[in-house]
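Reviewing the structure listed below.
Please treat every number below as a calculation from the coordinates, not as lab data. Everything quoted here is computed from the prediction, not taken from an experiment. No Cβ is skipped: glycine too gets one built from the backbone with ideal geometry, and neighbour counts run over all protein chains shown.
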Protein chains: 2
Amino acid sequence: MKRRDLIGAAALMACGAVRAQAAPAFSAEDLQHAEALRAAGLADKHAWAFVQELCNTIGPRPAGSDNEKKAATWAVARLAQLGLSNARIEPTPMKAWLRGAASAKLVAPVAEPLVMAALGNSIAAPPGGIEADVAWYPDFAALKADTSERAKGRIVFIDQKTERTRDGAGYGAAVVARSQGAIEAARRGALAVGIRSIGTDIERIAHTGAMRYELGLPRIPAFAVSAPDANRIAALNATGRTLRLQFTLDAQSDVETTTQNVIAEVPGTDLADEIVLISGHLDSWDLGRGAIDDGAGCAIASAAGAAIAAAGRKPRRTVRVVLWGNEENGFHGALSYGDRYKAVVHQMVSESDFGAGRIWQMRGRVQPAAVPLVQQMAQLLAPLGVAWPEQGYNEGGPGPDAAMLMRRHKWPGIALNQDGTAYFDVHHTVHDTLDRIEPAALQQNVACWAATAWLAAQAPLPFGPPVF
Amino acid sequence: MKRRDLIGAAALMACGAVRAQAAPAFSAEDLQHAEALRAAGLADKHAWAFVQELCNTIGPRPAGSDNEKKAATWAVARLAQLGLSNARIEPTPMKAWLRGAASAKLVAPVAEPLVMAALGNSIAAPPGGIEADVAWYPDFAALKADTSERAKGRIVFIDQKTERTRDGAGYGAAVVARSQGAIEAARRGALAVGIRSIGTDIERIAHTGAMRYELGLPRIPAFAVSAPDANRIAALNATGRTLRLQFTLDAQSDVETTTQNVIAEVPGTDLADEIVLISGHLDSWDLGRGAIDDGAGCAIASAAGAAIAAAGRKPRRTVRVVLWGNEENGFHGALSYGDRYKAVVHQMVSESDFGAGRIWQMRGRVQPAAVPLVQQMAQLLAPLGVAWPEQGYNEGGPGPDAAMLMRRHKWPGIALNQDGTAYFDVHHTVHDTLDRIEPAALQQNVACWAATAWLAAQAPLPFGPPVF
């Protein structure tokens with residue numbers, strides 16, 4: 001599709017969306033510049049170089065760790081190198097969780113080691129670990145529904161499965177077993193909780209991730225085992241034999257430390273005090289190298305900012321790249337950002353944090369009058385395979401940190417949804433390495449984000465307040 | 001295709017193959033029974049139950065281990081249950097290799113643990129391990145070509161890549177880095193050898209497998225790292241910085257023990273003293289559970305034998321199911337079988353040991369006069385997606401133990417080639433679990449093997465001696 005046709009089609013669709021009124025629209029010059037940014041993004045080399053260097057020279061970056069700080073120091077210099085302005089680190093205190101050694105094994109009816117990982121925030125088990133019979137549940141709902149004494153004095157095992165979906169809905173439905181499994185197990189007197197990894201793979205790796213406790217209930221250790229191990233436990237359980245499990249788990253909670261956001265900007269012109277925020281999170285879980293979660297997102301946001309800075313035209317609003325600290329285990333970076341910048345007008349908050357797959361859909365969360373603009377932005381990305389949905393187009397979720405800020409501060413959000421079909425094969429595991437990233441897919445992401453951030457910065461209307 | 005057409009077509013093709021002579025052919029009754037076995041195989045439940053129970057209740061079965069013995073005791077009872085006769089265990093002495101603890105880490109230019117596994121037969125490293133600079137080679141050929149002193153006093157790292165192929169040719173080309181890497185590294189004065197795992201995956205798992213030493217050269221420790229770790233090493237090496245690596249490796253070699261073959265039969269009638277041998281190997285590497293390597297093959301051979309036993313008609317020749325001991329690290333089971341049965345006529349030796357994928361090709365290794373019969377057997381499997389190649393149809397490799405016996409004893413072989421496209425993602429790793437097996441693919445294998453073994457047992461001609 002040629003540029004002229006594209007503008008015509010977008011204008012037509014925008015007109016249809018608001019019926020008889022004249023729809024707000026981007027200028028032809030701004031759309032033309034967005035197309036140039038889209039083309040520049042498709043040829044981008046910065047994102048791949050960014051994530052490669054981050055993962056190869058720094059590696060995993062647990063929230064509050066030295067590696068997370070090292071990454072911030074590296075990233076702030078890299079953002080300045082990439083031509084962004086006001087590059088800075090904004091630290092904030094946090095309490096970190098530190099993984100120690102852990103192991104688990106089946107004791108009966110057969111003896112075999114299990115591949116496991118402690119869940120983030122789990123308390124340590126007593127020295128020597130815990131050995132007990134297993135109370136097996138097919139899913140979290142079955143545990144919640146259990147009014148018997150079966151879990152008491154046992155290790156609860158939740159065999160919650162995660163459905164593979166493009167949009168992460170399967171993960172959304174399953175993750176409660178990880179986040180709240182220990183609460184419901186403790187409520188029933190269990191000694192510990194083990195879960196099937198929240199993931200879509202069949203690999204012998206365990207998926208970590210955050211869990212939480214409830215005040216007033218005992219805190220019990222929590223861990224995940226690999227899907228093949230969970231399958232074996234299920235098969236053995238189905239034979240009616242007693243399952244017995246032993247595990248050790250060392251960890252430290254509430255370690256006083258700091259995390260930090262890394263921020264850099266393409267300063268705006270007439271609306272410079274309004275912010276168009278694109279982001280990723282710099283922290284990662286400790287097991288892999290934080291490549292797809294979320295080195296890729298940091299790389300994409302940084303390269304998109306760099307593309308705007310390099311393209312010559314200054315934006316009206318300030319485009320701000322933020323690399324969040326501690327997304328994974330408490331949102332400390334995003335919370336402190338909200339506190340610091342709560343009085344600043346945000347035209348858009350957004351985040352790339354769903355792996356390194358291609359973007360297939362745009363959705364907004366903006367004031368109704370701005371919807372035609374967002375639709376026009378989406379239309380510009382149609383040649384890259386990005387759809388504007390018929391329904392729910394103004395119910396977007398712009399990524400975890402951004403979504404939290406959107407709800408808390410009533411800042412409008414834009415979501416560019418990546419294909420997450422394979423994301424939960426790797427999420428929060430040792431497999432989160434560079435090898436999972438296709439450089440061409442990164443370029444498609446950079447193209448989408450550069451064009452989107454640019455148009456948001458040029459928009460003739462405020463995007464907020466969003467509709468919830 | 002109807003049965004009558006099938007016989008016609010096969011006969012036609014057979015005629016073509018031997019030109020003007022009348023081709024040997026199976027009787028219509030034998031072909032009809034083969035079709036019934038084919039149908040029975042497609043509905044088989046025994047193979048899946050066999051491999052499930054083997055992997056879930058016994059798990060990994062390293063050659064010479066208690067688990068391998070336990071598996072033999074279990075399997076001999078299971079074969080009798082499945083209706084086979086003369087079920088027995090035939091032990092033989094061997095020297096086992098036992099894995100101990102091992103670890104590796106990059107020390108410079110960045111510090112990070114590597115996912116690694118000792119290679120089978122590796123000597124132990126000295127207590128405390130070895131730390132040295134790395135001499136990096138892109139592949140085994142580059143190491144062999146190196147006439148410099150570069151490897152001396154260093155840890156050689158061979159970045160040999162394995163190409164993904166359906167027939168395993170990629171593995172065949174790459175595995176020399178594993179089997180002979182320590183020889184070539186030691187020849188150049190290296191302290192140890194590390195290799196990229198011989199595998200086609202991008203997962204953070206290491207592939208083990210057998211390596212060997214050469215008399216007269218120092219024995220040095222040998223290990224493999226995961227593909228993502230090898231990629232990182234390659235990327236860091238490409239920066240020109242010095243790589244330094246530390247590893248520990250504990251292992252015991254030459255541990256006196258026994259392994260054993262498990263054998264059971266469907267006794268023949270007029271040619272009962274001739275053997276049609278179908279097989280798998282009961283031992284496995286220790287890291288996974290020996291599901292696709294080679295619980296699946298044992299299950300397929302056992303279920304195929306059971307189908308023949310259950311189908312009512314007795315074969316002319318004796319169909320012998322063999323579950324080999326120690327295929328993985330020295331062929332002790334197959335070697336002892338050859339010694340014991342060398343005087344017995346074998347009509348066919350064959351083995352299922354290439355995972356649990358569907359069979360896509362049949363090839364033989366028989367006397368020229370028997371080729372039309374093998375082609376007719378293949379034709380019967382055409383409806384299951386099995387091809388008879390235009391070239392190389394009499395150059396089949398019937399699986400590792402069977403191929404060794406074929407060459408050593410001049411016994412004819414039949415190969416049913418499984419699709420191994422994904423096999424080397426999992427081969428010799430912790431990922432070798434039941435989760436990789438599709439029950440319907442097992443049934444296709446059972447159907448092919450039951451029909452094939454039956455026809456080999458009924459053949460109007462001896463298949464041997466084979467052509468090499």
Exercise. Where along chain A is the Cβ that lies nearest the axis linking it to chain B, and how many Å separate them?
Worked result: A:E203, 3
Exercise. Pairing the Cα long axis of helix B:176-187 with the longest principal axis of chain B, what angle in degrees results, from 0 to 90 and rounded to the nearest 10?
Worked result: 40 degrees
Exercise. What ³J(HN,Hα) values, in whole Hz, does the Karplus curve 6.51 cos²θ - 1.76 cosθ + 1.60 give for the stretch B:74-80 when θ = phi - 60°, with x put for Gly and Pro?
Worked result: 5, 5, 5, 5, 5, 5, 5
Exercise. When only Cα pairs under 8 Å and 6 or more residues apart are kept, what is the percent relative contact order across chain A?
Worked result: 23 percent
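Under the definition of partner shielding as Cβ atoms of other protein chains within 10 Å of a residue Cβ, what is the mean value for peptide A:47-57?
On the way: counts 0, 0, 0, 0, 0, 2, 2, 0, 3, 9, 8.
So the per-residue partner count for this stretch is 2.
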For this session: Compute the acute angle (0 to 90°) between the alpha-carbon long axis of helix B:332-341 and the principal axis of greatest extent of the alpha-carbon atoms of chain B; round to the nearest 10°.
Result: 30 degrees
Exercise. Could you give the nm distance between label points at A:Q252 and A:K45, where each point is 7 Å from its Cα heading toward the beta carbon?
Worked result: 4.3 nm
Problem set entry | Inter-chain Cβ neighbour average for residues A:433-446, partner chain, 10 Å | 2
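Calculated from DSSP H runs of 4 or more alone, at -39500 (n - 2.57) each and per residue, what is the 222 nm mean residue ellipticity of chain B, nearest 500?
Values: 13 runs with 157 residues, N = 468.
Theoretical 222 nm ellipticity from helices: -10500 deg cm²/dmol.
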Seminar exercise, completed: Given the candidates A:M348, A:W74, B:Y341, the one whose Cα lies deepest towards the positive end of the charge dipole of the protein assembly as shown, counting +1 at each Lys or Arg C-beta and -1 at each Asp or Glu C-beta, is A:M348
Seminar exercise, completed: Measuring from the longest principal axis of the C-alpha atoms of chain B, the long axis of helix B:439-458 (C-alpha) lies at a number of degrees, nearest 10, equal to 50 degrees
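Efficiency by 1/(1 + (r/R0)^6): what FRET value for A:R219 and A:A440, r their Cβ-Cβ distance, R0 = 56 Å, to the nearest 0.05? Please report the intermediate quantities before stating the final value.
Values: r = 46 Å, r/R0 = 0.82.
After rounding, the FRET efficiency stands at 0.75.
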Problem set entry | Shape category assigned to the stretch A:189-258 from the gyration tensor of Cα positions, a/c cut at 1.5 | oblate
For this session: Using the number of other C-beta atoms within 10 angstrom as an exposure proxy, rank A:E112, B:E214 with the fewest first.
Result: B:E214, A:E112
For this session: Identify the trypsin sites (Lys or Arg not before Pro) of the stretch A:263-347 meeting these criteria: DSSP loop state and at most 16 other C-beta atoms within 10 Å of the C-beta.
Result: A:R313, A:K342
Problem set entry | Virtual paramagnetic centre 7 Å along Cα→Cβ of B:L461, amide N under 19 Å, in the stretch B:329-365 | B:346-349, B:362-365
Exercise. So how far, in whole Å, is the C-alpha centre of the stretch A:148-200 from the one of the stretch B:188-225?
Worked result: 40 Å
Problem set entry | Centroid-to-centroid separation of the stretch B:49-85 and the stretch A:308-336 [C-alpha atoms, Å] | 58 Å
Exercise. Placing +1 at every Lys and Arg Cβ and -1 at every Asp and Glu Cβ, with all other atoms neutral, what dipole size does the stretch A:353-468 have around its Cα centre, in debye to the nearest 20?
Worked result: 480 debye
Exercise. Inter-copy label distances at B:T269, 7 Å along the Cα→beta-carbon direction, one decimal in nm, shortest first?
Worked result: 9.6
Problem set entry | chain A: antiparallel DSSP beta bridges as a percent of all, rounded to 5 | 60 percent
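May I ask which of A:K45/A:K69; A:K45/A:K95; B:K70/B:K342; A:K105/B:K105; A:K70/A:K342 have a Cα-Cα span longer than 30 Å here? Can you show the working numbers first?
Values: A:K45/A:K69 25 Å; A:K45/A:K95 36 Å; B:K70/B:K342 28 Å; A:K105/B:K105 26 Å; A:K70/A:K342 28 Å.
Too far apart for the 30 Å limit: A:K45/A:K95.
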For this session: Filter the GluC sites (Glu not before Pro) in the stretch A:21-106 to those in DSSP coil with at most 11 other Cβ atoms within 10 Å of their Cβ, and list the result.
Result: none
For this session: Would you calculate the separation in nanometres between label points at A:E149 and B:R166, each defined as 7 Å from the Cα along the Cα-to-beta-carbon direction?
Result: 6.2 nm
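List the trypsin sites (Lys or Arg not before Pro) in the stretch B:81-162 that DSSP assigns to loop (not H, G, I, E or B) and whose Cβ has at most 15 other Cβ atoms within 10 Å. Which are they? Can you show the working numbers first?
On the way: sites: B:R88, B:K95, B:R99, B:K105, B:K144, B:R150, B:K152, B:R154, B:K161; in loops: B:R150, B:K152, B:R154, B:K161.
Passing both the DSSP loop test and the Cβ count: B:K152.
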For this session: Starting from the Cα of B:K152, draw a straight line to each of the lysines and keep only those under 17 Å, dropping any in the same chain fewer than 8 residues away.
Result: B:K144
Exercise. Per-residue HN-Hα couplings for the stretch A:263-270, Karplus 6.51 cos²θ - 1.76 cosθ + 1.60 at θ = phi - 60°, whole Hz, x for Gly and Pro?
Worked result: 10, 8, 9, 10, x, x, 10, 5
For this session: Can you tell me the FRET efficiency between B:A142 and B:R407 if r is taken as the Cβ-Cβ distance and R0 is 30 Å, rounded to the nearest 0.05?
Result: 0.45
For this session: Note down the nm distance, to one decimal, between modelled labels 7 Å out along Cα→Cβ at B:V110 and at A:S27.
Result: 4.4 nm
